[in-house]
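Only the coordinates and a few stated rules stand behind these numbers; no lab work does. The structure displayed is predicted, hence computed values, not measured ones. Don't worry about glycine lacking a Cβ; one is built from the backbone with ideal geometry, like all the others, and counts go over all protein chains shown.
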Amino acid sequence: MQTLNGTALAKKIKSVLAIEIEYLVNKYRRSPKLCIIMAGDDPANSSYVKSKKKSCNEIGILCDLNILPYATSQQELLTLIDSLNQNTEVDGILVQLPLPKHIDQNVVLQSIDYKKDVDGLHPMNTGLLNSSTDALIPCTPKGILSLLKAEGVSITGKHCVIIGRSNLVGKPMAQLMLRENASVTVCHSKTRDLPYLTRQGEILIIAIGHPNLVNAEMLKEGAVVIDVGINSVEGKLVGDIYNSIDVNNIEKKAAAISPVPGGVGPMTIASLLENVVEIYKKRMCD
Ligand code: NAP
């Protein structure tokens, strides 16, 4: 069974980006800049934003972290986003989700200038993804597609089954796979007979957030499996399937699987960096 090594590919992408950024900064005399906004002090979120900042800094992207108190009002958040929208030195804006419960996430995401929307979650980018190729693509699906392509997985004509229909992962993933000429089935918590559908997946993408829901019996022989899940079990980071209790049988049946950690996670960050550079280049050429 092949392991789809996201860590290695992300490292390669980052070193290519670093060279490109050095060239672009010499040419345009300004570094690309990302602003991350986080409200509250959730430890998992804090560690995600810190690792995003570290990755930016490693390759020459400036990164401002705006960590706001949990009690920040929606209006305060919107005012900050408005100032970042206007700021010509800022290329990308990322609002770390989830936001505190008293804040309407949709209102906040829609307030970001869609041309600076590095996460690709603004309805304008969602619409562009559905209708053309010129969209900012959400980082996790974009990273998964890069990983599949880099590992030589052919997609055209394949049946891709996706478990999960979130705006962040499942829905944009389905659009991307359609664009790559796969036939796509999207499953969710109300899907009847999930195993019947997953057993048809030549490419199976699992983005649920519950370990051990999918076992070897639910896989098609020779499937390429992408594990998006991040779960903490007894203090250990596990995926939705990669290190599940049925791991030995899964490894015998699947042709390839992305590990957790070291699969989709690093590719998500690499795609974020790619999106920042893509926006920067567009803005400098406009
Ligand atoms: P989400 O918004 O909670 O969506 C989970 C999806 O799973 C929903 O569509 C839900 O269906 C479906 N689901 C839940 N229980 C199910 C069941 N028993 N059978 C079938 N479908 C079921 O989560 P998300 O944001 O997409 O993230 C999913 C996982 O990926 C999480 O573990 C998250 O931490 C991880 N993640 C990882 C990365 C990374 O970079 N590695 C990035 C993003 C997310 P309904 O729609 O019917 O509720």
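Worth pointing out:
- Summing Cβ point charges (Lys, Arg +1; Asp, Glu -1) relative to the Cα centre of segment 29-114 gives a dipole of roughly 340 debye.
- What the pair-distance distribution of the chain shows, using all Cα-Cα distances binned every 10 Å from zero, is 6, 28, 34, 23, 8, 1 percent.
- Per-peptide average of other Cβ atoms within 10 Å, ordering 232-238, 142-148 highest first: 142-148, 232-238
- The charge dipole of segment 139-265, taken about the Cα centre with unit charges on the Cβ atoms of Lys, Arg (+1) and Asp, Glu (-1), comes to about 400 debye, rounded to the nearest 20.
- In terms of its C-alpha gyration tensor, segment 29-114 has an oblate overall shape, because the principal axis ratio a/c (a ≥ b ≥ c, square roots of the eigenvalues) is not below 1.5 and a/b does not outweigh b/c.
- Helix 264-285 axis versus longest C-alpha principal axis of the chain: approximately 40°, rounded to the nearest ten.
- Proximal charge balance of D113 [Cβ under 15 Å; K/R count +1, D/E count -1]: -2
- Charged-residue dipole, Cβ positions (Lys, Arg, Asp, Glu), the chain about Cα centre, Debye nearest 20: 420
- No disulfide-compatible partner, judged by a Cβ distance under 4.7 Å, exists for the following cysteines of the chain: C35, C139, C160, C187, C285.
- Against the rule of thumb 2.2 N^0.38 Å, how large the Cα Rg of segment 83-183 comes out: 1.18
- Interchain or long-range residues, amide H under 5 Å from C63's placed H: L34
- For segment 31-48 versus segment 182-202, the gap between their alpha-carbon centres in whole angstrom: 34
- Here is the list for segment 183-234: trypsin sites (Lys or Arg not before Pro) lying in DSSP coil, each with at most 13 other C-beta atoms within 10 angstrom of its C-beta, are K190, R192.
- Relative contact order (%) - criterion: Cα under 8 Å, at least six apart; region: segment 29-114: 41
- The GNM of the chain, with springs linking C-alpha atoms under 10 angstrom apart, assigns the highest mean-square fluctuation among H102, H210, H188 to H102.
- Lysine pairs within segment 1-54, Cα separation less than 16 Å, 8 or more sequence positions apart or different chains: 11
- When you filter the trypsin sites (Lys or Arg not before Pro) in segment 25-100 for DSSP loop state and at most 15 other Cβ atoms inside 10 Å of their Cβ, you are left with R29, R30.
- Bridging of K116 to aspartates and glutamates at a Cα separation below 12 Å is possible for D82, E89, D91, E278, once same-chain residues fewer than 8 apart are set aside.
- For segment 1-90, applying the loop criterion from DSSP together with a ceiling of 14 other beta carbons within 10 Å to the chymotrypsin sites (Phe, Trp or Tyr not before Pro) yields Y70.
- Normalising the average separation of contacting C-alpha pairs (under 8 angstrom, six or more residues apart) by the number of residues puts the relative contact order of the chain at 21 percent.
- Long-range Cα-Cα pairs in segment 139-265 (distance over 27 Å), rounded percent: 7
- Comparing I163, S232, L128 along the charge dipole axis of the chain, the residue lying farthest to the positive side is L128, per the Cβ-charge model.
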